[in-house]
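Asker: Input: one structure, supplied below.
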2 protein chains.
Amino acid sequence: MSRNKPDIGRVFHALGDPTRRAILDKLSRGPISVSQLAAPLAITLAAVVQHLQVLEESGLVQTAKLGRVRTCSLEPAGFQVAAQWIEERRLHWDRALDALGKLLDEEK
Amino acid sequence: MSRNKPDIGRVFHALGDPTRRAILDKLSRGPISVSQLAAPLAITLAAVVQHLQVLEESGLVQTAKLGRVRTCSLEPAGFQVAAQWIEERRLHWDRALDALGKLLDEEK
């Protein structure tokens, strides 16, 4: 598992897929095993493992082997990177609107 | 331009591309014309127009024709949908951790 700061492009790419979002939905209720994760999703275990790899590489999921069972849980790092990216643009945008408002006020 | 609630899959897919994120970065400083947008990005005007279409369809950008010039600006709707999706998972996750904490406390 990568311990570097998640790459924003990877995070958004990972979040763009509906099956991966369904996996994150399930994991947001608490950690579960890979096979428990695969059962209700109507896709093969191999496909789930592949999606999990993408999610792990983008810092959205972490997995750990406890005995013979691999358990998955949400990894906050990827979520934080995505939320921060959005928030920064929103701040810029608010400031640009404020500047425009002041300009219009001065014109009056 | 679609006035429906932006589709979360489209929003994350749109945000997964580095050129589209660069376009949003530029627009977060304020509205500009399509040609002003294309100039520093070292890609063709046609490519910019294509990216803008994806961004518009996912509710991240709006464009308006003022006279002969098409001006682009950020559209908050797509950003809100993405931020909300992330926030909801984070809340779930916090609650799951709280529940686990209580369970461990009770075991003591």
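Asker: Of all residues in region B:1-16, which are buried (at least 18 other Cβ atoms within 10 Å of the Cβ) and closer than 17 Å to residue A:82 by Cα?
Answerer: B:8, B:10, B:11, B:12, B:13, B:14, B:15, B:16
Asker: Which condition does residue B:85 not pass, out of (1) touching a residue at least 40 places away in the same chain (Cβ under 8 Å); (2) touching a strand residue (DSSP E or B) at 6+ places or on another chain (Cβ under 9 Å); (3) assigned to a helix (DSSP H, G or I), if it passes all the others?
Answerer: The single condition residue B:85 does not satisfy is (2).
Asker: How many residues does region B:74-108 hold that are farther than 30 Å from residue A:30 by Cβ and either away from chain A (no Cβ under 11 Å) or open to solvent by 30 Å² or more (accessible area, probe 1.4 Å) (or both)?
Answerer: 2
Asker: Going by what's in this entry, would residue B:28 be described as touching a His at 6+ places or on another chain (Cβ under 6 Å) and among the small types (Gly, Ala, Ser)?
Answerer: yes
Asker: Would you point out the residue of region A:17-60, among those that are within 14 Å of chain B (Cβ to nearest Cβ) and assigned to a loop (DSSP other than H, G, I, E, B), that is surrounded by the most Cβ atoms within 10 Å (Cβ to Cβ)?
Answerer: Across region A:17-60, the extreme among qualifying residues is A:60.
Asker: Go through the residues of region A:65-73 one by one and say whether even a single one is within 13 Å of chain B (Cβ to nearest Cβ) and within 13 Å of the chain's Cα centre (by Cα).
Answerer: Checking region A:65-73: at least one residue is within 13 Å of chain B (Cβ to nearest Cβ) and within 13 Å of the chain's Cα centre (by Cα).
Asker: From the residues in region A:88-108 that are under 28 Å from residue B:78 (Cβ atoms) and either in contact with a strand residue (DSSP E or B) (Cβ under 9 Å, 6 or more places away or on another chain) or assigned to a loop (DSSP other than H, G, I, E, B) (or both), which one is modelled with the lowest pLDDT?
Answerer: Per the stated criteria, the residue is A:96.
Asker: Select from region B:36-59 the residues that are more than 30 Å from residue A:62 (Cα to Cα) and under 18 Å from the mean Cα position of the chain (by Cα) and list them in ascending order. Show your work before the answer.
Answerer: Taking region B:36-59 first, the residues more than 30 Å from residue A:62 (Cα to Cα) are B:36-57, B:59.
Across region B:36-59, the qualifying residues are B:37, B:48, B:49, B:50, B:51, B:52, B:53, B:54, B:55, B:56, B:57, B:59.
Asker: May I ask you to list the residues in region A:61-82 that are in a helix (DSSP H, G or I) and of a type in the set (A, V, I, L, M, F, W, C)?
Answerer: Once the filter is applied, which keeps residues that are in a helix (DSSP H, G or I) and of a type in the set (A, V, I, L, M, F, W, C), region A:61-82 yields A:77, A:79, A:81, A:82.
The values are calculated or read from the model by the stated rules, or taken from the named source; none is laboratory data. In this text, all values refer to a predicted model and were calculated from it rather than measured experimentally. Note that we place each Cβ from the backbone using ideal geometry, even for glycine, and neighbour counts take in every protein chain shown. Protein only, heavy atoms only, side chains kept; ligands, DNA and RNA dropped before computing areas. Shrake-Rupley method; radii C 1.70, N 1.55, O 1.52, S 1.80 Å.
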